[in-house]
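A quick write-up on the structure given underneath.
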Amino acid sequence: MVSSIESSVGTERKVVTEIPGPKSQALHERRKLSVSAGLTNGFPIYIERGEGAILLDVDGNHILDLGSGIAVTTIGHAVPELVDAVSAQVAAFTHTCFMVTPYESYIAVCEELAAVTPGTHAKTSALFNSGSEAVENAVKIARLATGRQAIVVFDHAYHGRTNLTMALTAKNMPYKDRFGPFAPEIYRVPMSYPFIDGLSGADAAARAIKMIETQVGANNVAALLIEPIQGEGGFIVPAEGFLPALSEWTTQNGALFIADEIQSGFCRTGDWFAVDHEGVIPDIVTTAKGLAGGMPLAAVTGRAEIMNAVHEGGLGGTYGGNPVAAVAALATIKTMRNRNLVGRARELEKIMLTSLKSLQQDVAIIGEVRGRGAMIAIELVQPGTKTPNAAAAKSIVSYCNKNGVIALACGTYGNVIRLLPPLVITDEQLNDGLSVLVAAVRAAG
Ligand code: PLZ
């Protein structure tokens, strides 16, 4: 079984029909009758199988995946360790509800989370189904533990689509428009965005802190919630010193520092977590996506005294920490260690930055190449300015798709192309994908 899957998916990008192919087009017509129009597909080819960095669609096209399902399949598609663990668990039992009758894998995941997240202090975790749910719970816990209500978030932030997380997310369209009213006691302050604001980390932090102190009041702040490298908002990497200064401010003012590592976590940036880069130790970390290799699992991990401040029964949910997702997380973390995917992310960074920085010399539409590890982006601008160029991003994504490469756009202005390859991608595959991206940028520029 496994070997026939291997031979049919292969290791090379190969486009054999127009994209999307006829079978994908037919499925796409069919979906219109039964799937809400509120859900869209960035790249409507229908997938049948995957392996490593390659997805096979229903028309027989071999697609190179530089998006990992938005930073989820970090260890690659159909990794044998994960397939075996999940298959065995499905055969054993699929659900009991951890709140009713528990099982060991839930504990083992929480032990792993305590081991890999920053800091050697005592930590406990609670498991959930989605990133949004983890963020919601982190906010609940922070408010209870501090006895305060205000949550400070940042420009360009993305934290989810549920009611509370919509309030935390910055961008109106498509995430929030006409979906209000939104949850109260959320305050937004400026992010460090070196390409645009030119500020040092210290100055950008001082700007944010001044706003918090004058408009919210330090004593009202339960937590600062921040993506250490912003994802949906445009792969914005704050200037060095920004995160440490904010973290220090929270410690001095009795507030909590919550790192939303849902997109940036689990080896993605060339460290286990993006905050590791500057040695920042959050009070609470939210994780999901890369944590369980595609099975729905999310976590809130924090200082034991904070996490354990919650009254008995205060946290939970029917499916949170589902046994199939839990063993998937254990297999994923083991694979990350065994294959040294932190190290691999750093190698991928070099390949991507070298190629894209050299491209930047030749074209006028790349304003900045940025990112860390296998979380790399180009910001597209109108030539000679910093004015966002969303049209270029759109045409680049479409060129990549037509040539069998998944590349994702992001950014408040839709003008950033982000690369999130599976960390098991080979050098050949990555170079092949970059050659398509380079051609796409040249065509757009
Ligand atoms: N926090 C930092 O990146 C999810 C969203 C895709 P969920 N990002 C992808 C979309 O358009 O819905 C994300 C994130 C960060 C929270 C979340 C939310 O995670 O699992 O999508 O709820």
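The values are calculated or read from the model by the stated rules, or taken from the named source; none is laboratory data. Bear in mind the structure is a predicted one, so any value in this text is a computation, not a measurement. Here the Cβ is made from the backbone with ideal geometry for all residues, glycine too, and neighbour counts use every protein chain on show. Accessible surface is based on the protein model in full, side chains and every heavy atom, while ligands, DNA and RNA are left aside. Shrake-Rupley method; radii C 1.70, N 1.55, O 1.52, S 1.80 Å.
Hey, does region 392-401 have a residue that's open to solvent by less than 40 Å² (accessible area, probe 1.4 Å) and part of a loop (DSSP other than H, G, I, E, B)? Within region 392-401 (the criterion being open to solvent by less than 40 Å² (accessible area, probe 1.4 Å) and part of a loop (DSSP other than H, G, I, E, B)), the answer is no, since none of the residues qualifies. Considering region 14-89, the qualifying strands (runs of 3 or more DSSP E), each wholly inside and each with 3 or more residues that are closer than 30 Å to Pro323 by Cβ, run over 47-51, 54-57.
This table checks each residue for (1) more than 14 Å from the ligand (Cβ to nearest atom); (2) open to solvent by 50 Å² or more (accessible area, probe 1.4 Å); (3) within 22 Å of Leu291 (Cα to Cα); (4) part of a loop (DSSP other than H, G, I, E, B).
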position: Asn137; (1), (2), (3), (4): no, no, yes, no
position: Val153; (1), (2), (3), (4): no, no, no, no
position: Gly160; (1), (2), (3), (4): no, no, yes, yes
position: Tyr175; (1), (2), (3), (4): no, no, no, yes
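Residue check: Leu256 meets all listed conditions (1) within 16 Å of the ligand (Cβ to nearest atom); (2) open to solvent by 10 Å² or more (accessible area, probe 1.4 Å) but one, namely (1). Looking only at residues in region 295-306 that are out of contact with any strand residue (DSSP E or B) (no Cβ under 8 Å at 6 or more places or on another chain) and either free of Cβ contacts under 8 Å to residues at least 60 places away in the same chain or not in a strand (DSSP E or B) (or both), which one is nearest to Ile70 (Cα to Cα)? Ranking the qualifying residues of region 295-306, first place goes to Pro296. Does region 410-417 include one or more residues that are open to solvent by less than 20 Å² (accessible area, probe 1.4 Å), of a type in the set (Val, Ile, Thr) and closer than 19 Å to Gly42 by Cβ? Looking through region 410-417, at least one residue is open to solvent by less than 20 Å² (accessible area, probe 1.4 Å), of a type in the set (Val, Ile, Thr) and closer than 19 Å to Gly42 by Cβ. Please determine, by comparing only the residues of region 65-91 that are surrounded by 20 or more Cβ atoms within 10 Å (Cβ to Cβ) and polar (S, T, N, Q), which one is nearest to His277 (Cα to Cα). Only one residue tops the list, namely Thr74.
Residues in region 92-109 that are surrounded by 12 or more Cβ atoms within 10 Å (Cβ to Cβ) and without any contact (Cβ under 8 Å) to a residue 60 or more places away in the chain were compared, and the one that is nearest to Met295 (Cα to Cα) is Ile107.
Listed here are the residues, each with its yes/no results for (1) out of contact with any helix residue (DSSP H, G or I) (no Cβ under 6 Å at 6 or more places or on another chain); (2) more than 22 Å from Glu232 (Cβ to Cβ).
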| position | (1), (2) |
| --- | --- |
| Glu48 | yes, yes |
| Ala71 | no, no |
| Gly76 | yes, yes |
| Leu82 | no, yes |
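Matching residues to (1) more than 16 Å from the ligand (Cβ to nearest atom); (2) in contact with a helix residue (DSSP H, G or I) (Cβ under 8 Å, 6 or more places away or on another chain); (3) open to solvent by 10 Å² or more (accessible area, probe 1.4 Å); (4) at pLDDT below 95:
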| residue | (1), (2), (3), (4) |
| --- | --- |
| Gly265 | no, yes, no, no |
| Glu278 | yes, yes, yes, no |
| Ala292 | no, yes, no, no |
| Arg303 | yes, no, yes, no |
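Of Ala309, Ala345, Ala326, which residue is over 18 Å from the mean Cα position of the chain (by Cα) and buried (at least 22 other Cβ atoms within 10 Å of the Cβ)?
Ala326
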